[in-house]
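The structure under discussion appears below in the form of structure tokens.
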Amino acid sequence: MLGMSTDHDRLFKELISTFFEEFIMLFFPEAFEHLDFENLRFLSQELFTDVTEGDKHVVDLLVETKLKGEDGLVIIHLEPQSSSQKKFNERMFIYFSRIYQKYRRKILPIAIFTYDTTRDEPDSLTLHFPFADILQFNYLIVELKKQNWRSYIREDNPVAAALLSKMGYTKEERVEVKKEFFRILIRLELDTAREALLTGFFESYLKLNAQEESQLIKEVKAMNPKEGEKIMEIMTSYERKGIKQGLEQGIEQGREQERLEVAKRMLEKEKSIDEIIEITGLSGIVVEKLKKEFPSRKQ
């Protein structure tokens, strides 16, 4: 798993909301044939509270659309799941029922499991007695780790490219997975912003070490020149952006440290907090904290 600072929900929401049609086409081709993608509307996030367990949950993605040739609207509830959750099928039903209670429309629930390990997840909830069946609730699922990445490398689909990073591959296949990601990327010929979105998503989940990067470069250079040169261009561009971002962060951190040092010297000279804030641009909270660490000579 990645560190806790990685916002998995945000990454998946950004990917799927940008390429929603491509996501449905990739994993649910039958649904794709029936849905109208001309007038998609992303609804505001819904916050539900599970009273029995005191849990608050934001439904990650609600998409309003239509069925082709039919009146009425369909709401697609998409739920990325990056960590194990007990009774997930019950929770899906609770969210389904509450969304239905508010909108009273057809709802297509989808769960995409993004675990780093292979798990067996249910896709239904059944309530029955020996004498009667009361409920059969089903929802569509995608279990990424169970997907063989090689099955998707011929897809000219941006979602397939990004999600190669979360599919089932071995440690020895990591370099090849990234190479195939770039091959899809150059076939797509996307604009710079969308290309950056896909590359950033992929790098968040599959980042090669120095040895693997060297191997990748070697293999790319051995490819067909036309294809290899395009991949090297993308790799170089992304690397430059990363270096530039790192430099900017380093410069900003240096400036912050310099402001802190100035504030410390001013505190030692018993300058007022207001004066320190005005001179350094630091917040009052930061200066107050520094004052406790570096008390004035009068104390």
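The values are calculated or read from the model by the stated rules, or taken from the named source; none is laboratory data. Because the structure is a prediction, the values reported are computed rather than measured. For neighbour counting, all protein chains shown are included, and Cβ atoms are generated from backbone atoms with ideal geometry for every residue, glycine included. For accessibility, only protein heavy atoms count, side chains too; no ligands or nucleic acids. Shrake-Rupley method; radii C 1.70, N 1.55, O 1.52, S 1.80 Å.
Restricting the stretch 187-198 to residues that are of a type in the set (A, V, I, L, M) and farther than 10 Å from ALA161 by Cβ, which is most open to solvent (accessible area, probe 1.4 Å)?
Filtering the stretch 187-198 down to residues of a type in the set (A, V, I, L, M) leaves 188, 190, 193, 196-198.
Add one more test, that the residue is farther than 10 Å from ALA161 by Cβ, and what stays is 193, 196-197.
Details: ALA193: 73, ALA196: 45, LEU197: 29 Å².
Checking each candidate, the answer is ALA193.
Could you check the stretch 6-22 and list, in sequence order, the residues that are open to solvent by 40 Å² or more (accessible area, probe 1.4 Å) and either assigned to a loop (DSSP other than H, G, I, E, B) or free of Cβ contacts under 8 Å to residues at least 24 places away in the same chain (or both)?
Those that are open to solvent by 40 Å² or more (accessible area, probe 1.4 Å) and either assigned to a loop (DSSP other than H, G, I, E, B) or free of Cβ contacts under 8 Å to residues at least 24 places away in the same chain (or both): ASP7, ARG10, GLU21.
Let me spell it out: the conditions are (1) closer than 25 Å to HIS34 by Cα; (2) surrounded by 14 or more Cβ atoms within 10 Å (Cβ to Cβ); (3) of a type in the set (S, T, N, Q), and THR114 meets all of them except one. Which number is the exception?
Checking THR114 against (1) closer than 25 Å to HIS34 by Cα; (2) surrounded by 14 or more Cβ atoms within 10 Å (Cβ to Cβ); (3) of a type in the set (S, T, N, Q), the one that fails is (1).
Taking GLU46 as the residue in question, decide whether it is surrounded by fewer than 19 Cβ atoms within 10 Å (Cβ to Cβ) and modelled with pLDDT under 85. Walk me through how you get there before you give the answer.
On the way: surrounded by fewer than 19 Cβ atoms within 10 Å (Cβ to Cβ): yes; modelled with pLDDT under 85: yes.
Here the answer is yes, as GLU46 does meet what is asked.
How do the pairs read when you match residues in the stretch 84-109 that are without any contact (Cβ under 8 Å) to a residue 12 or more places away in the chain with residues anywhere that are part of a helix (DSSP H, G or I), using Cβ under 8 Å and keeping only pairs 6 or more apart or on different chains?
Pairs that qualify, where the first residue is without any contact (Cβ under 8 Å) to a residue 12 or more places away in the chain and the partner is part of a helix (DSSP H, G or I), are GLN85/ARG91.
Could you list all residues from the stretch 199-248 that are open to solvent by 100 Å² or more (accessible area, probe 1.4 Å), at pLDDT below 80 and not charged (D, E, K, R)?
GLN245, LEU247
When you check GLU261 against the structure, is it modelled with pLDDT of 90 or more, part of a helix (DSSP H, G or I) and not polar (S, T, N, Q), yes or no? Let's see the steps before the verdict.
Working: modelled with pLDDT of 90 or more: no; part of a helix (DSSP H, G or I): yes; not polar (S, T, N, Q): yes.
In short, no.
Look at ASP55 and say whether it is more than 22 Å from LEU163 (Cα to Cα) and at pLDDT 85 or above. Explain how you work it out, then say what you get.
Numbers: more than 22 Å from LEU163 (Cα to Cα): yes; at pLDDT 85 or above: no.
Answer is no for this residue.
Out of all the residues in the stretch 155-168, which are at pLDDT 95 or above and out of contact with any Leu (no Cβ under 7 Å at 6 or more places or on another chain)?
Answer for the stretch 155-168, where residues must be at pLDDT 95 or above and out of contact with any Leu (no Cβ under 7 Å at 6 or more places or on another chain): just LEU164.
I'd like the residue in the stretch 132-146 that is in contact with a Phe, Trp or Tyr (Cβ under 9 Å, 6 or more places away or on another chain) and without any contact (Cβ under 8 Å) to a residue 60 or more places away in the chain and, out of all such residues, is most open to solvent (accessible area, probe 1.4 Å). Break it down stepwise before answering.
The initial filter retains those residues of the stretch 132-146 that are in contact with a Phe, Trp or Tyr (Cβ under 9 Å, 6 or more places away or on another chain), namely 135, 137, 139-146.
Of the ones still in play, those that are also without any contact (Cβ under 8 Å) to a residue 60 or more places away in the chain are 135, 137, 139, 141, 143-146.
Details: LEU135: 41, PHE137: 12, TYR139: 10, ILE141: 43, GLU143: 33, LEU144: 0, LYS145: 50, LYS146: 92 Å².
Out of the qualifying residues, it is LYS146.
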